[in-house]
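The values are calculated or read from the model by the stated rules, or taken from the named source; none is laboratory data. Only a predicted model underlies this, so the values are computations on that prediction, with no experimental measurement involved. In this analysis, Cβ positions are derived from the backbone assuming ideal geometry, glycine residues included, and neighbour counts consider all displayed protein chains. All accessible areas refer to the heavy atoms of the entire protein, side chains included, with ligands and DNA or RNA removed. Shrake-Rupley method; radii C 1.70, N 1.55, O 1.52, S 1.80 Å.
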Amino acid sequence: MIEHVDVIYGLAWGDEGKGKISNAMAKHYDWVCRWNGGPNAGHTVYVKGKKYKTHSIPSGIFAGKQCLIGPGCVININKMLEELRMLTMAEFDVNLVKIHPNAHIITEEHIAYDKQHLSHLGTTSQGIAPCYADKMLRKGKRAVEVLEPKWIWDGQLSGKILCEGAQSVWLDIDHGDYPYVTSSTTMPYGACSLGFSPRKIRRLIGVAKAYDTKSGVDPLFPESLWKNPILNDIIQLGGEYGSTTGRKRLVNWLNLDKLVHAIKLSGCTELIVNKCDILEKVGVYKVITNGELKDFSSLKEMKSFVYNTLIMSGGSDLHEVTWSGDVEKI
Ligand code: IMP
Ligand code: MG
């Protein structure tokens, strides 16, 4: 029987540090599951001071938890096997990883199409959109048809479940800045595609950053942002380079209008704001609110404005805000 489900997901454009939160929380759960996306994702996790990068395998692997890659995910077999080999070498138990039989398989043709026809959208060139397109056309290949049976899941979820989102609200196929989106449901309700009732969801933990970033193309992030020396400092100090593509990310001040919208749209109950320390290093504090830039003299002042705007304005289920640095308390 499923006791409860908690969902971690991104409230912005990806790269908010979901992997870090998921890794910190995994020990409290029986299962850690991915419900969307594939090798376009890049989760950076530190375990005992060592850095690991995963793309397809849920962060629960680092806590020795059962990991499920759901039917809404897409898989590049070679990349996944490479990831499993890396984890085996590092002495994590990859037998805990199972793949839903209905997950779809990315082919070389998908990758070639992505590179040839979709680069103007700034995709990660991993064949994501063509793979989901073939799934919708009902001509795709599923995991059960091609993977060794030992990887295929045939059980049932039970106990406490943590769902780990990939990409984020503004990359969602239905709600994101279309066509500058990915091809899956990044919204937390997508987690139900793993096979449980929406009523099982307890916490909706949304992750944001103290500033916004975008990998790839989006008119909301014009390239002129790279000309701003302070935003460039944030790129350098925050290590804002794609973990899948290595591309330099576009950085802008936290858009509070978008964050409020994302919180309401997704039903966020708890918000975690990562990378506040980077703003402190830069020593400049700004947010975009009501379409205008607003300056603060300290992080404390910015935090209190953000908190008041998000919580005191009401109209959402949000009841808690955690600033990064406090994350261990979760
Ligand atoms: P695709 O998912 O490779 O088709 O890329 C579509 C858009 O989503 C591009 O703008 C990518 O940069 C962005 N994207 C996809 N996955 C991630 C991610 O994990 N983090 C941040 N951006 C992503
Ligand atoms: Mg990432």
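General observations
- Each residue in the stretch 71-119 was checked for being of a type outside the set (Lys, Arg) and in a helix (DSSP H, G or I), and 24 pass.
- Among the residues of the stretch 205-226, the ones that are within 12 Å of ligand 1 (Cβ to nearest atom), part of a loop (DSSP other than H, G, I, E, B) and either farther than 19 Å from Val282 by Cβ or in contact with a Phe, Trp or Tyr (Cβ under 6 Å, 6 or more places away or on another chain) (or both) come to 6 in all.
- Single condition Gln66 does not satisfy, out of (1) modelled with pLDDT of 95 or more; (2) within 16 Å of ligand 2 (Cβ to nearest atom): (2)
A quick yes/no check of all residues on (1) assigned to a helix (DSSP H, G or I); (2) away from ligand 2 (no atom under 16 Å from the Cβ):
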residue: Gly140; (1), (2): no, yes
residue: Gln156; (1), (2): no, yes
residue: Trp170; (1), (2): yes, no
residue: Arg199; (1), (2): yes, yes
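- Pro149 being more than 14 Å from ligand 1 (Cβ to nearest atom), more than 17 Å from Thr245 (Cα to Cα), surrounded by fewer than 17 Cβ atoms within 10 Å (Cβ to Cβ) and within 23 Å of the chain's Cα centre (by Cα): no
- Residue identified as on the phi > 0 side of the Ramachandran plot and not β-branched (Val, Ile, Thr) among Gly37, Gly42: Gly37
- Each residue in the stretch 45-68 was checked for being free of Cβ contacts under 8 Å to residues at least 40 places away in the same chain and either of a type outside the set (Lys, Arg) or part of a strand (DSSP E or B) (or both), and 13 of them qualify.
- Filtered residues of the stretch 1-24 (kept if more than 10 Å from ligand 1 (Cβ to nearest atom), crowded, with 24+ Cβ neighbours inside 10 Å and in a loop (DSSP other than H, G, I, E, B)): Leu11
- In the stretch 25-44, residue most open to solvent (accessible area, probe 1.4 Å) [restricted to those that are within 16 Å of ligand 1 (Cβ to nearest atom) and part of a strand (DSSP E or B)]: Thr44
- Looking only at residues of the stretch 71-119 that are in contact with a strand residue (DSSP E or B) (Cβ under 8 Å, 6 or more places away or on another chain) and among the β-branched types (Val, Ile, Thr), we find that the one that is surrounded by the fewest Cβ atoms within 10 Å (Cβ to Cβ) is Ile77.
- Residue list for the stretch 237-257, restricted to those being open to solvent by less than 40 Å² (accessible area, probe 1.4 Å) and not in a loop (DSSP other than H, G, I, E, B): Gly238, Leu250, Val251, Asn252, Trp253, Leu254, Asn255, Leu256
- Boolean, Val251 is closer than 23 Å to Gly291 by Cβ and at pLDDT below 95: no
- In the stretch 227-244, the residues that are within 16 Å of ligand 1 (Cβ to nearest atom) and hydrophobic (A, V, I, L, M, F, W, C) form Cβ pairs under 8 Å with partners that are open to solvent by less than 20 Å² (accessible area, probe 1.4 Å) and part of a loop (DSSP other than H, G, I, E, B), at six or more places apart or across chains, as follows: Ile235/Arg249.
- Residue within the stretch 182-203 that is within 21 Å of Cys131 (Cβ to Cβ), buried (at least 17 other Cβ atoms within 10 Å of the Cβ) and at pLDDT below 95 present: no
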